[in-house]
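The values are calculated or read from the model by the stated rules, or taken from the named source; none is laboratory data. Since this is a predicted model, take the numbers as computed values, not measurements. With ideal geometry, Cβ positions are generated from the backbone for all residues, glycine too; neighbour counts draw on all protein chains shown.
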Amino acid sequence: MWLSGGMASRIEDYALLSDMHTGPLLSRTGSLDWLCFPRFDSPSVFGALLGTEDNGRWLLAPAAADAVVVKREYLDGTFVLRTDWAADGGSVRMTEFMPVGDRRASVVRRVEGLSGSVRICQELKIRFGYGTVVPWVGRMMDAEGIEVLVAVAGQNALMLRGDVLPTVTGDKLAGDFTIAAGERVDLELVWYPSYRPGPTRIDIDAALAQSVHYWSDWASRYSQDGEYAAAVQRSLLVLRALTHEDTGGIVAAPTTSLPEDFGGARNWDYRYCWLRDAALTLESMLTHGHAQGALHWRNWLLRAVAGDPEDLQIMYGVAGERELEERQLAHLPGYENSAPVRIGNGAVGQFQADVVGEVMVALEKLRRAGGMEDLFSWPLQRALLGFEEKHFDRKDYGIWEMRGEPRHFTHSRVMMWAAFDCGVRAVREHGLDGPVERWTELRERLRREILRYGFSTELNSFTQAYDGSQAEASLLVIPQVGFLAYDDAKMLGTVAQLERELIDDGLLLRYRTETGVDGLEPGEHPFLACSFWLVEQYAHSGRKGEARALMDRLVKLCNELGLLGEEYAMKADRMAGNFPQAFSHLALIRAADALRGPERVSLAPAGPAVPGGQL
């Protein structure tokens with residue numbers, strides 16, 4: 001167990017908690033190593049994930065060196081974590097969650113004695129501002145005359161309530177207590193603005209019941225069916241957990257700077273909302289029993305991109321903020337010394353030609369499900385197509401946000417084709433107004449261009465960029481948007497080239513980083529979403545056995561709680577990159593749907609349109 005002086009746990013050893021406003025990570029050793037209050041993208045309160053305990057954490061675990069986790073699981077269909085520990089002398093159960101439904105920014109940790117007696121160690125080191133700000137900490141009486149611990153620094157305050165409070169020991173709060181069979185200790189750490197009165201005490205039993213009811217009710221709307229139903233349900237839950245309750249914006253991950261290459265510099269801040277991820281999430285929710293949720297995501301999309309189309313960004317803050325300037329935190333050593341640690345994301349200023357296509361494809365599927373356009377949504381889509389036309393010949397940085405020179409990436413051009421294709425179908429099939437002849441002309445120009453410059457007859461494969469010779473996994477999206485059939489000869493040739501060039505220990509790389517195309521030092525691991533795309537391709541092109549074998553292998557890479565990271569280091573047998581990763585879970589859902597077959601997946605009715613004033 002990490003009691004002091006150590007480094008963070010392996011990425012896959014973390015559990016996600018969520019109140020749909022932020023997403024802390026709790027290790028198997030009982031250490032809360034990552035917590036940003038009150039929002040996903042707020043500065044961390046606990047930042048040990050990116051350094052050591054000196055950067056902030058909250059440990060609550062059996063003190064004995066021989067203590068082991070016997071079982072760790074979420075209560076079915078929830079983000080309420082239950083961990084059973086055994087140690088010499090007894091056993092305990094910990095139940096940990098974030099209350100949902102009452103806008104309370106807090107983490108609850110309950111310890112129950114199951115047998116014998118067990119000594120529990122508690123260490124609390126609060127460090128606001130990504131580990132830079134040491135708060136004033138003191139004991140005080142709350143409004144009900146109950147002793148609490150309060151930590152204050154600037155505008156932030158934390159209050160610890162509990163049956164057994166730690167004491168100030170050096171630069172941290174620490175204390176042990178013993179719990180016997182049948183006994184229970186409750187602790188709640190709650191954030192609030194320091195200039196307001198502290199929150200009143202909550203009924204933890206009621207909060208637990210409310211949280212269990214919320215999550216299990218939400219999860220029950222997905223009718224489980226098929227061999228991967230549990231993995232799909234957990235993936236849908238992850239998408240919900242990463243979605244801000246108020247705004248509908250979904251963050252790509254709740255973390256920043258978990259490395260794609262251990263010890264390297266491929267460390268990015270994913271606590272923001274990518275249009276691409278939001279659009280794909282809309283599709284997943286729409287096809288799995290959450291049509292009203294799909295409208296919520298659509299409305300976030302529309303608000304985020306509202307305004308002059310020339311101001312379009314690929315990502316936004318949780319509430320649609322546009323200023324996401326990237327900077328480095330030199331005081332943090334990084335996860336396993338993977339520096340630099342970054343906050344903000346410099347890719348926000350990139351032109352990525354595929355993004356409008358992803359948005360248009362998702363909104364077309366919403367139309368097919370019966371979602372009505374309002375006074376705002378269709379005019380905005382027309383404006384987005386005008387943006388695409390204005391930038392028709394412009395090179396871009398691609399889906400992987402290359403930091404090298406812009407190019408005509410084949411995937412980007414295919415998604416631009418998909419954008420105009422959706423515009424044409426909106427007019428011809430749904431009766432909306434628009435310059436359909438012009439959009440048809442642009443769509444056909446793109447098709448001819450892609451087949452001429454994006455396909456290599458020598459390789460019998462589509463290529464990463466025009467007139468190139470390298471493969472790229474995003475080419476697997478070509479049939480997903482209807483540009484070609486999955487079993488088209490050109491796609492089959494492309495798959496063969498991907499298998500030759502990008503398979504690494506049985507999984508698929510995004511591209512070969514040693515080519516220097518991304519402007520960074522080479523080195524990363526297979527990107528899990530790409531391998532799920534390959535499952536989908538196999539399933540739709542007569543290779544069901546290989547699809548199922550690869551799917552089985554990928555699902556086994558989930559941790560015991562069903563969570564997936566961004567990449568997987570096969571030789572080291574561990575996850576890499578930010579965690580849990582929405583894109584991985586989105587691709588898992590698509591792959592499972594492909595294996596179930598089209599007759600088993602249907603669009604849910606989307607309900608009435610949302611009036612423009614209620615966006």
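Being of a type outside the set (Val, Ile, Thr), in a loop (DSSP other than H, G, I, E, B) and surrounded by 15 or more Cβ atoms within 10 Å (Cβ to Cβ) is the filter here, so list the residues in the stretch 164-182 that pass it. Write out each step before concluding.
Filtering the stretch 164-182 for residues of a type outside the set (Val, Ile, Thr) gives 165-166, 170-177, 180-182.
Still in the running and in a loop (DSSP other than H, G, I, E, B): 165-166, 170-171, 181-182.
The answer is Leu165, Pro166.
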Q.
With more than 23 Å from Met415 (Cα to Cα) and in contact with a helix residue (DSSP H, G or I) (Cβ under 8 Å, 6 or more places away or on another chain) as the only criterion, which of Leu366, Leu329 stands out?
A. Leu329
Q: Starting from residues that are farther than 30 Å from Ala576 by Cβ and not in a helix (DSSP H, G or I), keep the ones in the stretch 292-318 and report whichever is modelled with the highest pLDDT.
A: Leu312
**Q.** Single residue of Gly289, Gly263 found to be assigned to a loop (DSSP other than H, G, I, E, B), surrounded by fewer than 19 Cβ atoms within 10 Å (Cβ to Cβ) and in contact with a Ser or Thr (Cβ under 6 Å, 6 or more places away or on another chain)
**A.** Gly263
(Q) Could you list, ordered by first residue, the pairs with Cβ atoms under 6 Å in which the first is in the stretch 84-96 and under 18 Å from Trp58 (Cα atoms) and the second is among the hydrophobic types (A, V, I, L, M, F, W, C) and part of a loop (DSSP other than H, G, I, E, B), at least 6 apart or interchain? (A) Trp85/Ala67
Q.
Looking at the stretch 167-184, I want the residues that are under 13 Å from Ser91 (Cβ atoms) and have a partner that is assigned to a strand (DSSP E or B) and β-branched (Val, Ile, Thr) with Cβ atoms under 7 Å, at least 6 apart or on another chain. Which pairs are those?
A. Ile179/Val92; Ile179/Val111; Ile179/Val118; Ile179/Ile120; Ile179/Val185
Q) Can you name every residue in the stretch 448-483 that is part of a loop (DSSP other than H, G, I, E, B) and either buried (at least 20 other Cβ atoms within 10 Å of the Cβ) or small (Gly, Ala, Ser) (or both)? A) Gly454, Thr463, Gln464, Gly468, Ser469, Ala471, Glu472, Ile478, Gly482, Phe483
Q.
Need the failing condition index for Ile399 against (1) part of a helix (DSSP H, G or I); (2) out of contact with any strand residue (DSSP E or B) (no Cβ under 6 Å at 6 or more places or on another chain), just the number.
A. (1)
Q. In the stretch 513-546, what count of residues is obtained for those that are touching a residue at least 12 places away in the same chain (Cβ under 8 Å), assigned to a loop (DSSP other than H, G, I, E, B) and surrounded by fewer than 18 Cβ atoms within 10 Å (Cβ to Cβ)?
A. 6
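Determine, yes or no, whether Arg161 is within 34 Å of the chain's Cα centre (by Cα), surrounded by 14 or more Cβ atoms within 10 Å (Cβ to Cβ) and of a type in the set (D, E, K, R). Let's see the steps before the verdict.
Working: within 34 Å of the chain's Cα centre (by Cα): yes; surrounded by 14 or more Cβ atoms within 10 Å (Cβ to Cβ): yes; of a type in the set (D, E, K, R): yes.
So Arg161 passes the test.
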Q: Take the stretch 423-463 and flag every residue that is under 30 Å from Gly404 (Cβ atoms) and either touching a residue at least 60 places away in the same chain (Cβ under 8 Å) or among the β-branched types (Val, Ile, Thr) (or both).
A: Ile450, Thr457, Thr463
(Q) For the list (1) part of a loop (DSSP other than H, G, I, E, B); (2) farther than 24 Å from Met415 by Cα; (3) in contact with a helix residue (DSSP H, G or I) (Cβ under 8 Å, 6 or more places away or on another chain), I need the number of the one condition that Ala252 fails. (A) (2)
Q) In the stretch 74-108, how many are at pLDDT 95 or above and either more than 24 Å from the chain's Cα centre (by Cα) or hydroxyl-bearing (Ser, Thr, Tyr) (or both)? A) 13
Q.
Could you tell me how many of the residues in the stretch 367-400 are within 22 Å of Ile478 (Cβ to Cβ) and in contact (Cβ under 8 Å) with a residue 60 or more places away in the chain?
A. 5
**Q.** Positions within the stretch 555-567 being touching a helix residue (DSSP H, G or I) at 6+ places or on another chain (Cβ under 6 Å) and outside any loop (DSSP other than H, G, I, E, B), in sequence order
**A.** Val555
Q.
I'm told Ile202 meets every condition in (1) within 30 Å of Met7 (Cβ to Cβ); (2) of a type in the set (A, V, I, L, M); (3) in a loop (DSSP other than H, G, I, E, B) except one. Can you identify the failing condition by its number?
A. (1)
Q) Taking Thr440 and the conditions (1) within 30 Å of Asn267 (Cα to Cα); (2) buried (at least 16 other Cβ atoms within 10 Å of the Cβ), which numbered condition does it fall short on, given that it satisfies the others? A) (1)
Q: Check whether at least one residue in the stretch 486-504 is assigned to a strand (DSSP E or B) and among the hydroxyl-bearing types (Ser, Thr, Tyr), and report yes or no.
A: no
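Every residue, every condition in (1) outside any loop (DSSP other than H, G, I, E, B); (2) assigned by TED's automatic domain parsing to the domain that holds Ala61; (3) farther than 22 Å from Trp85 by Cβ, yes or no:
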position	(1), (2), (3)
Glu112	yes, yes, no
Arg119	yes, yes, no
Gly129	yes, yes, yes
Met140	yes, yes, yes
Gly145	no, yes, yes
Val148	yes, yes, yes
Arg161	yes, yes, yes
Val185	yes, yes, no
Val212	yes, yes, no
